[in-house]
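*Asks:* Just dropping this structure here.
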Protein chains: 2
Amino acid sequence: MNIAVLGTGVVGNAIGTKLAQLGHKVTMGSRTANNEKAAAWVKTAGANASQGTFADAASFGEIIFNCTSGAGTLDALKAAGAQNLKGKTLLDISNPLDFSKGMPPTLFVCNTDSLGEQIQRAFPDAKVVKTLNTTNCNIMVNPSLLSGEHDMFLCGNDATAKAQALDILKNWFGWKTVIDLGDITGARAMEMMVLSWVRLWGTLQTANFNYKIVRQ
Amino acid sequence: MNIAVLGTGVVGNAIGTKLAQLGHKVTMGSRTANNEKAAAWVKTAGANASQGTFADAASFGEIIFNCTSGAGTLDALKAAGAQNLKGKTLLDISNPLDFSKGMPPTLFVCNTDSLGEQIQRAFPDAKVVKTLNTTNCNIMVNPSLLSGEHDMFLCGNDATAKAQALDILKNWFGWKTVIDLGDITGARAMEMMVLSWVRLWGTLQTANFNYKIVRQ
């Protein structure tokens, strides 16, 4: 499958590398066609990897992974172009982290709205599925890094796109349990979990942890 | 030990009943000395249980459990009286839930502040420890209701009060793992987790679940 990975950071790298390893053709998109980080990734990720602008990548991809930083997400998706997102499953991994006041970060949208919802409103023809934002990028594509069971979440308005996301999570990335939090307003919960993730990161002194929901 | 339980709802009932069963003297505080819900609780909780105003309870208690609803918490604590909270461990179980816009609730404070911090600022001589707010009241006092390991959190500014809270959680209530999230600003994370709790409640169709942090 042809896949767009928007963003050249650690999340984009991890997702892009995994997808290329699985045999998919991956274009990493960024603001410029010759971004240095994307070029470095292409060199390491092999024959399935290429780079381009956000629009190049989104046009190429049958599925879009949004791995941009939250503060730049809406601009990146505008640059990708609504016509290139139309009708496609857009897996949104971004978090609305605001580092402008120092560490620890706060969220620039939360509680009564979310970045996932902002994306869906700005691009109503894209099928936004929020997922993977609640854990570290190493675990996103390799859940077995942690021993024992732990959970991934997803939410979105389009049942078909959620089914596709579930298939990717389970059968491509190896997630055993994925909890469907309903429509895209579930992104409020998923993004607000990230503040506890950041706090736990400071406490546990490792990024290699994840949430499990223990039920009766 | 003499303990104050502020609040007559399901949380106050569960905490008060457990403490009385453990042999502690418990006064349930509410706005009025003859509150009907508190009276009903006293009848069922046995000889260790009594009721009074918020001030009666806080004056009586060597430890204070704040089990009031978040929207009423600061007023309840004002009625309890700063002098009755001074120097005492104040276990804050409240959540800043705003039901005014219907269900699901939002939070009336979050992200850059928290109800736990508001309480600590309003009552600087109380030793506020935020804990137990991230799970259902049945699990608060009976963690073994869920099979398998799962986690409780706490945070606060006073090390002695946190040690006392930890002792209560582990040795009175039966919590096996308690994660210390640092100073009282950790309440932001703990209170924001409640929106994911509410969302999960809707999805899982049960309140009997809890978070576990799975580590490498």
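The values are calculated or read from the model by the stated rules, or taken from the named source; none is laboratory data. The structure displayed is predicted, hence computed values, not measured ones. Glycine gets a Cβ as well: all are built from the backbone with ideal geometry, and neighbour counts include every protein chain shown.
*Asks:* Residue check: is B:T112 surrounded by fewer than 22 Cβ atoms within 10 Å (Cβ to Cβ), closer than 25 Å to A:P105 by Cα and within 14 Å of chain A (Cβ to nearest Cβ)?
*Replies:* Judged against the criteria, B:T112 is a match.
*Asks:* Further question: Out of all the residues in region B:90-109, is one or more over 30 Å from B:L200 (Cβ atoms) and polar (S, T, N, Q)?
*Replies:* No, region B:90-109 contains no residue that is over 30 Å from B:L200 (Cβ atoms) and polar (S, T, N, Q).
*Asks:* Just to be sure I understand the filter: pairs with C-beta atoms under 6 Å, separated by 6 or more residues or on different chains, first member in region A:189-216 and in contact (Cβ under 8 Å) with a residue 60 or more places away in the chain and closer than 14 Å to A:P104 by Cα, second member aliphatic (A, V, I, L, M) and in a helix (DSSP H, G or I). Which pairs pass?
*Replies:* Short answer, once both residue conditions are applied: A:M192/B:M192; A:M192/B:L195; A:L195/B:A189; A:L195/B:M192; A:R199/B:A189.
*Asks:* Of the residues that make up region B:68-89, is at least one over 27 Å from B:L181 (Cα atoms), hydroxyl-bearing (S, T, Y), modelled with pLDDT of 95 or more and surrounded by fewer than 24 Cβ atoms within 10 Å (Cβ to Cβ)?
*Replies:* No, that holds for no residue.
*Asks:* Of all residues in region B:90-107, which are exposed (fewer than 15 other Cβ atoms within 10 Å of the Cβ) and of a type outside the set (D, E, K, R)?
*Replies:* Within region B:90-107, B:F99, B:S100, B:G102, B:M103 meet the criteria.
*Asks:* Still on this structure, please answer the following. Which one is farthest from the other protein chains (Cβ to nearest Cβ) among residues in region A:162-204 that are of a type in the set (K, R) and either touching a Leu at 6+ places or on another chain (Cβ under 6 Å) or closer than 18 Å to A:L90 by Cα (or both)?
*Replies:* A:K170
*Asks:* Among the candidates A:A55, A:A126, single out the residue that is more than 14 Å from every other protein chain (Cβ to nearest Cβ) and either more than 29 Å from A:D158 (Cα to Cα) or surrounded by fewer than 23 Cβ atoms within 10 Å (Cβ to Cβ) (or both).
*Replies:* None of the others qualify; the one that does is A:A55.
*Asks:* Follow-up. Quick check on region A:79-94. Is at least one of its residues under 18 Å from the mean Cα position of the chain (by Cα) and within 14 Å of chain B (Cβ to nearest Cβ)?
*Replies:* Checked against the condition, which is being under 18 Å from the mean Cα position of the chain (by Cα) and within 14 Å of chain B (Cβ to nearest Cβ), region A:79-94 yields no hits at all.
*Asks:* While we're on this one: If you take the residues of region A:139-161 that are in contact with a Phe, Trp or Tyr (Cβ under 6 Å, 6 or more places away or on another chain) and among the hydrophobic types (A, V, I, L, M, F, W, C), which of them is farthest from the other protein chains (Cβ to nearest Cβ)?
*Replies:* Ranking the candidates gives A:V141 first.
*Asks:* What number of residues within region B:152-172 are surrounded by fewer than 20 Cβ atoms within 10 Å (Cβ to Cβ) and either touching a strand residue (DSSP E or B) at 6+ places or on another chain (Cβ under 6 Å) or in contact (Cβ under 8 Å) with a residue 12 or more places away in the chain (or both)?
*Replies:* Residues flagged as surrounded by fewer than 20 Cβ atoms within 10 Å (Cβ to Cβ) and either touching a strand residue (DSSP E or B) at 6+ places or on another chain (Cβ under 6 Å) or in contact (Cβ under 8 Å) with a residue 12 or more places away in the chain (or both) within region B:152-172 amount to 6.
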